[in-house]
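The values are calculated or read from the model by the stated rules, or taken from the named source; none is laboratory data. It should be emphasised that the depicted structure is a prediction, and the values quoted were computed from it without experimental measurement. So basically every Cβ, Gly included, is an ideal-geometry build from the backbone, and we count neighbours across all protein chains shown. Note: accessible area is taken over every heavy atom of the protein model, side chains too, but ligands, DNA and RNA are not part of it. Shrake-Rupley method; radii C 1.70, N 1.55, O 1.52, S 1.80 Å.
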Amino acid sequence: MAADKKPKPSGFPGSGLAKGLAVTLRTMTKRSVTAQYPDVQPDLAPRTRGVIGLFEENCTVCMLCARECPDWCIYIDSHKETVPPAAPGGRERSRNVLDRFAIDFSLCMYCGICIEVCPFDALFWSPEFEYAETDIRELTHERDKLREWMWTVPEPPALDPAAEEPKEIAAARKTADKLAAQQAAADAETSGEDA
């Protein structure tokens with residue numbers, strides 16, 4: 001019967017101990033590499049997720065980031081302002097003005113959903129990682145600190161020169177070429193009438 005078979009011991013008695021000691025001896029003979037962190041800054045990967053930076057000028061207070069955040073760690077306050085008409089006879093418009101934008105990094109799980117859902121590119125990953133505090137209540141950072149971190153956001157990588165041109169740019173170029181051809185035809189027609 002197959003159930004009566006006992007597992008065969010692998011190797012000689014104490015082989016596991018010998019393998020463990022071999023690993024220990026190999027490790028002991030190698031030189032250890034110590035990162036001297038406070039004195040020497042680490043080389044971070046280009047897409048390191050440190051903290052979230054806020055580009056305040058792009059924020060329209062649409063609240064998408066706060067609504068989509070699974071941890072509810074984004075706090076936004078705003079008020080409405082009336083903007084005078086741009087042209088005489090136009091109507092007044094109202095716009096949202098950002099009063100408070102804060103992120104509680106003691107709750108944040110760095111998922112990046114807020115950055116992904118922002119339709120106006122107001123939130124970015126910053127590689128900044130030195131923001132520890134002694135009190136957990138001080139990990140709620142307001143918009144001035146988030147704006148400070150915005151300036152540490154690296155430039156996006158260059159576009160691949162072999163990639164095809166985006167359709168928006170191609171459409172804009174086609175329209176510009178068409179308008180330039182119409183203008184050239186109108187100029188030629190005008191100069192033909194003058195002669």
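Could you list, in sequence order, all residues of the stretch 3-37 that are at pLDDT below 80 and either open to solvent by less than 90 Å² (accessible area, probe 1.4 Å) or in a loop (DSSP other than H, G, I, E, B) (or both)?
LYS5, LYS6, PRO7, LYS8, PRO9, SER10, GLY11, PHE12
Given the residues PHE124, PHE105, which is the only one that is surrounded by 10 or more Cβ atoms within 10 Å (Cβ to Cβ) and touching a strand residue (DSSP E or B) at 6+ places or on another chain (Cβ under 6 Å)?
Criteria check complete, one pass: PHE124.
Give the residue that is modelled with the lowest pLDDT, with candidates limited to residues of the stretch 39-67 that are open to solvent by 50 Å² or more (accessible area, probe 1.4 Å) and either touching a His at 6+ places or on another chain (Cβ under 7 Å) or among the β-branched types (Val, Ile, Thr) (or both).
Restricting to residues being open to solvent by 50 Å² or more (accessible area, probe 1.4 Å) and either touching a His at 6+ places or on another chain (Cβ under 7 Å) or among the β-branched types (Val, Ile, Thr) (or both), the top hit is VAL40.
Being small (Gly, Ala, Ser), over 15 Å from ALA66 (Cβ atoms) and not in a strand (DSSP E or B) is the filter here; which residues of the stretch 105-147 pass it?
SER106, ALA132, listed by residue number.
Quick one: in the stretch 163-177, of everything that is assigned to a helix (DSSP H, G or I) and charged (D, E, K, R), which residue is farthest from the chain's Cα centre (by Cα)?
Among those that are assigned to a helix (DSSP H, G or I) and charged (D, E, K, R), it is ASP177.
Which of (1) in contact with an Asp or Glu (Cβ under 6 Å, 6 or more places away or on another chain); (2) touching a residue at least 40 places away in the same chain (Cβ under 8 Å); (3) under 19 Å from CYS65 (Cβ atoms) does THR152 not meet, given it meets every other one?
The failed condition is (3).
Which residues, taken from the stretch 78-94, are of a type outside the set (A, V, I, L, M) and either more than 36 Å from the chain's Cα centre (by Cα) or in a loop (DSSP other than H, G, I, E, B) (or both)?
Scanning the stretch 78-94 gives PRO84, PRO85, PRO88, GLY89, GLY90, ARG91, GLU92.
Filter the stretch 136-195 down to residues that are open to solvent by 100 Å² or more (accessible area, probe 1.4 Å), acidic (Asp, Glu) and at pLDDT 90 or above and give me whichever is nearest to VAL51 (Cα to Cα).
The qualifying residue nearest to VAL51 (Cα to Cα) is GLU148.
Give ARG147, ARG143, ARG100, ARG173 a once-over and let me know the one that is at negative phi and free of Cβ contacts under 8 Å to residues at least 12 places away in the same chain.
One residue alone meets the criteria, ARG173.
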